[in-house]
Amino acid sequence: MARAGRAAQGQARRAARRLRYTPPTMTVQLEPSPAPAQAPVSRPRIFSGIQPSGIVHLGNDLGAIRNYVMLQYEYEAIYCIVDYHALTSTHDAEALRRRTREMAASLLALGLDPDRCTLFVQSHRPEHTELMWLLATVTPVSWLERTPTYKEKKQNQPDDVNHGLLTYPVLQAADIAIYKATKVPVGKDQAAHLELSREIVRAFNNRYGETFPEAEAVYTTAPVVLGTDGVKKMSKSVGNTIEILASPEEIRRQVMSMVTDTKRILRSDPGRPEVCNVCQMHRFFGDDWEEIQDGERSARTGCVDTKKLLAQRVIDHYAPARERYAELMAHPAEVDGVLEAGADRLRPLAQATMDEVRARMGLR
Ligand code: AQP
């Protein structure tokens with residue numbers, strides 16, 4: 001009886017368990033399961049720096065800034081006003097402060113959008129100089145001494161051959177490496193510097209393990225832009241610039257001072273547009289540059305006509321930017337706010353790289 005009772009209890013428990021188990025009811029017919037969710041696609045990071053020179057010249061825009069603007073839509077773009085670099089030739093504190101803001105306003109006026117890119121001032125992220133020191137310890141002095149710009153600067157400012165002039169490329173390497181940027185929009189005049197940056201990070205990676213990518217240059221279609229003298233690279237320190245945000249009168253004066261084909265003496269002489277700097281610049285300011293070149297070649301047009309046309313086109317092209325620039329300069333707090341927000345946004349990135357580098361080098 002007792003055995004029969006235990007058996008009955010066991011049956012009851014099993015029945016109860018069966019009752020508790022309610023098979024799930026399929027209320028919705030499921031579609032085939034979707035592909036696994038993907039992480040948001042992160043955009044490759046680019047970095048570029050520009051000196052706070054106070055003026056933006058045609059070389060800057062054709063060689064680099066046009067690309068800054070275009071690439072901000074495609075990349076995670078970081079643009080830096082490199083005031084530490086400027087200290088190698090500028091020692092006027094007030095001028096440096098003013099020019100830094102002017103450069104920021106110029107870049108914003110030319111199309112940088114703080115919602116699409118990060119614009120900041122180099123000295124607001126002091127990690128740049130810390131990394132520079134660490135990279136300096138893997139950089140042979142001979143690499144720096146052979147840099148063409150160092151040789152040039154030594155000639156241009158013989159009374160001020162400071163250590164910063166020599167170390168300049170190491171700071172450039174640090175600027176790029178600290179954000180692990182993989183691309184660098186620069187003018188073709190910077191090709192040697194960028195190669196040196198790649199060599200420096202390669203030397204670091206070889207010694208301490210793969211840490212930094214070797215960033216590649218991104219060039220515009222423009223060659224190294226020649227100055228108004230038609231011989232040297234357009235450059236502030238040479239004084240052969242066309243200042244694109246200057247007044248129309250100033251732009252006209254600068255363009256009209258341009259040296260054209262030196263062998264074309266008379267108006268009736270056929271010109272050589274392939275060596276004429278003015279004809280070459282027309283390529284960037286209209287679709288009719290071949291016609292313009294043809295006019296020069298056949299002496300249908302004179303150099304003065306071609307220069308007047310170029311001056312007008314440069315003035316017209318930059319008129320909206322000139323207006324925006326004036327507005328921004330009338331609201332300096334807004335410009336400064338963009339720069340501060342930019343430096344703040346970059347803090348975690350810069351600090352993470354420094355943590356990694358210090359650990360690799362045995363500093364922590
Ligand atoms: N002439 C140029 N042709 C093409 N690209 C140029 N860039 C400068 N000049 C030319 C590009 O502009 C960006 C900013 O460079 P930077 O800050 O080195 O330029 P900068 O100081 O305005 O150059 P300068 O005038 O030559 O300065 P100084 O006289 O002080 O040395 C870079 O991407 C550069 O390639």
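List of remarks:
- The set of residues in region 219-237 that are under 20 Å from the mean Cα position of the chain (by Cα) and touching a residue at least 12 places away in the same chain (Cβ under 8 Å) comprises TYR219, THR220, ALA222, PRO223, VAL224, VAL225, LYS233, MET234, SER235, LYS236.
- Considering residues of region 205-218 that are touching a residue at least 24 places away in the same chain (Cβ under 8 Å) and buried (at least 16 other Cβ atoms within 10 Å of the Cβ) only, the residue nearest to ILE178 (Cα to Cα): PHE212
- Hey, ASN240 closer than 17 Å to ASP61 by Cβ and free of Cβ contacts under 8 Å to residues at least 40 places away in the same chain or not: yes
- Criterion applied to THR211, THR241, THR228 was being β-branched (Val, Ile, Thr) and away from the ligand (no atom under 13 Å from the Cβ), and the one residue passing it is THR211.
- Hits in region 299-356 - residues which are free of Cβ contacts under 8 Å to residues at least 12 places away in the same chain and crowded, with 17+ Cβ neighbours inside 10 Å: THR301
- Number of positions in region 180-204 that are in contact (Cβ under 8 Å) with a residue 60 or more places away in the chain, part of a helix (DSSP H, G or I) and either more than 8 Å from the ligand (Cβ to nearest atom) or touching a Ser or Thr at 6+ places or on another chain (Cβ under 8 Å) (or both): 4
- Any hit, region 245-264, residues being assigned to a helix (DSSP H, G or I) and within 11 Å of the ligand (Cβ to nearest atom): no
- Among residues of region 138-154 being crowded, with 17+ Cβ neighbours inside 10 Å and among the aliphatic types (A, V, I, L, M), the one that is nearest to GLY209 (Cα to Cα) is VAL138.
Each value in this text was obtained by applying a stated rule to the coordinates, not by laboratory testing. Quick caveat: nothing in here was measured; it's all calculated off a predicted structure. Glycine gets a Cβ as well: all are built from the backbone with ideal geometry, and neighbour counts include every protein chain shown.
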